[in-house]
Structures are given as structure tokens and as C-alpha cells.
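A quick write-up on the structure given underneath.
The values are calculated or read from the model by the stated rules, or taken from the named source; none is laboratory data. Just so it is clear, the structure is predicted and the values come from calculations on it, not from any experiment. In this analysis, Cβ positions are derived from the backbone assuming ideal geometry, glycine residues included, and neighbour counts consider all displayed protein chains. Protein only, heavy atoms only, side chains kept; ligands, DNA and RNA dropped before computing areas. Shrake-Rupley method; radii C 1.70, N 1.55, O 1.52, S 1.80 Å.
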Amino acid sequence: MLKGKVAIVTGSTSGIGLGIAKELAKLGADLVLNGFGDAGEIEAIRSGIEREYDVRVVYDGADMSKGDAVRGLIDATIKKFGHLDILVNNAGIQFTAPVDEFPAAKWDAILSINLSAAFHGIAAAVPQMKKQRWGRIVNIASAHGLVASTHKAAYVAAKHGLVGLTKVVGLETAGSGVTCNAVCPGWVRTPLVEKQISDIAAQKGISQKEATNELLAEKQPSLDFASPEQLGGTVAFLCSAAADQITGTAISVDGGWTAR
């Protein structure tokens, strides 16, 4: 379905981003991976996807906290492949603290990676996508782009901002062959969430299983995690012809979290 298309997935060396990248590769898209990690492990991931799905895969270590680097990632991709068709803004970081104790530096870092990086990437990609009259921009927001939780001022503000940005870009590109949508996951079993489960277990002196159930029960009525593969499937659907008229919207993959 995506043979001949070129996709950038930011924050794709692990977790949700890697799951999305693999799903797009499975459908034939050439990939630009981006993210932090051990160089050897990243190369193993890159070459593994290339071999398994018979697509071209490159890695670009652009720092998503720097606007110029994000725009450079878009330009370098277009220069290398000749075009860019799919941009998945997935890179994100998290920090929790009450608002009156929230470190200003953490606030700046979270907004810069979770929100400003998407703005810079979109601003650089849209002209090329409009020119070729086809493009898919998918912003990985969160249930926290639609509702709030305590102690997550920066994350919730950034993800709400990302949903707002999605609406604006959806309107500005309407009718051009370019769409822009947000995917809003609830709990996904990633290394970030595993750490939260371990923290709950340690704090309360309970088992990992009990801590997992406690985490899910508080927010996610399905009592089950969404998987990176499922999120990849959602992104793939948004890249399909069936989604040509879906733009400027937010799709929840959250086991009922935001239906409450």
C-alpha cells in the first residue's frame, strides 16, 4: 500500500515509534528512523527492519529539542530520497510534579520536544507535500491531549497543544491532498510505562501484576494496554485511501479512557 512512499517517524528507536515504523515498513514505505540510544542497538534495529521488510531504512539522530535540527531532518530526508510523504511526530518525554514544584527547565524541555518539534517538522514538510499533492502528517498525542491528570502540567499542556496544532494544519491543508491527524493513545506498554509500574510496586510493596492492574483500573476501562503494533495500524489506516477525507481530527486508542 505504501510502496514508494518515504516516512519519517521521530522517536522511533523504541516503544510506540518503533512499532509505528515497523508497520509502515511492512506496507512498503522507506523509513527514516530518529531517536536516542546505543549506536550498536540502533544499527541492529535499522538493518533488521531493512532486511525483514525489504525497504530502505536510514537513521538520523537529529535532536528534537532544537528547531533547526528538526527542520534539518526534513530537508536531509527530501535531499536523500527526493521526496517526503509521511511525517509521524512521535518523539516525547515526560516528567511529573505538582505545578508549583514543576522545574522551569523541565517545562521548557517537554514543550520543546512534545510540541515545538512537531511544529518545526510540519512547517518544513508541508510545502513539499503540497507540491506533490499528497502527504500524511500524524501527530502522536495522548489521552492527555483531550483530558488532564494531576502532576503532568507540561505534558498535558503540550499534548493539548498538539491536538490544537493538528486542527489548524488540517484546515490549512484541506483540499491539497495533505491530511493532518492526531492519534491519542491511552496506556501503552512501553519502557516508560514499565518504569511507572515498577515505581508503584516499590512504593506500595505490591507485585508487578497488582501494580499493573492498579495503573490500568484508574484510567483505562478495558483493563488492557494498547500495543505499539495497534497504534502502527491506526497510523497505517490514516495513510490509506480510506482516510483521504479524515483530517484535523483526533483518534483515541485508549480502551475507553476518554469516554468516561
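Among the residues of region 153-183, how many are crowded, with 18+ Cβ neighbours inside 10 Å and within 15 Å of residue 136 (Cα to Cα)?
Result for region 153-183: 11.
Restricting the search to region 238-252, which residues are touching a Leu at 6+ places or on another chain (Cβ under 8 Å) and open to solvent by less than 30 Å² (accessible area, probe 1.4 Å)?
239, 248
Within region 42-63, track down each residue that is open to solvent by 30 Å² or more (accessible area, probe 1.4 Å) and not acidic (Asp, Glu). Let's see the steps before the verdict.
Initially, region 42-63 is screened for residues open to solvent by 30 Å² or more (accessible area, probe 1.4 Å), giving 43-46, 50-54, 56, 58-61, 63.
Hits for region 42-63 are 44, 45, 46, 51, 53, 56, 58, 59, 61.
When you go through (1) hydroxyl-bearing (Ser, Thr, Tyr); (2) closer than 15 Å to residue 9 by Cβ; (3) at pLDDT below 95 one by one for residue 59, which number turns out not to apply?
Against the list (1) hydroxyl-bearing (Ser, Thr, Tyr); (2) closer than 15 Å to residue 9 by Cβ; (3) at pLDDT below 95, residue 59 comes up short only on (3).
Within region 109-150, count every residue that is open to solvent by 40 Å² or more (accessible area, probe 1.4 Å), outside any helix (DSSP H, G or I) and either closer than 19 Å to residue 173 by Cβ or modelled with pLDDT under 95 (or both).
Selection size over region 109-150: 2.
In region 12-36, how many are among the hydrophobic types (A, V, I, L, M, F, W, C) and either farther than 14 Å from residue 235 by Cβ or open to solvent by 10 Å² or more (accessible area, probe 1.4 Å) (or both)?
So the answer is 6.
Any idea which of 192, 216 is open to solvent by less than 10 Å² (accessible area, probe 1.4 Å), of a type outside the set (Asp, Glu) and on the phi < 0 side of the Ramachandran plot?
Criteria check complete, one pass: 216.
Name the pairs whose Cβ atoms lie under 7 Å apart, with the first residue in region 57-85 and within 17 Å of residue 118 (Cα to Cα), the second of a type in the set (Ser, Thr, Tyr) and modelled with pLDDT of 95 or more, and 6 or more positions between them or separate chains?
Every condition considered, the pairs that remain are 64/10; 65/112; 67/116; 84/77.
One residue is enough: does region 92-102 have a residue meeting the conditions surrounded by 15 or more Cβ atoms within 10 Å (Cβ to Cβ) and of a type in the set (D, E, K, R)?
no
Filtering region 64-89 down to residues that are of a type in the set (Asp, Glu) and surrounded by fewer than 16 Cβ atoms within 10 Å (Cβ to Cβ), which residue is farthest from residue 178 (Cα to Cα)?
The selected residue is 68.
Under 25 Å from residue 138 (Cα atoms), without any contact (Cβ under 8 Å) to a residue 60 or more places away in the chain, surrounded by 14 or more Cβ atoms within 10 Å (Cβ to Cβ) and not charged (D, E, K, R), is that true of residue 234? Lay out the reasoning, then the answer.
On the way: under 25 Å from residue 138 (Cα atoms): yes; without any contact (Cβ under 8 Å) to a residue 60 or more places away in the chain: yes; surrounded by 14 or more Cβ atoms within 10 Å (Cβ to Cβ): yes; not charged (D, E, K, R): yes.
So residue 234 fits the description; yes.
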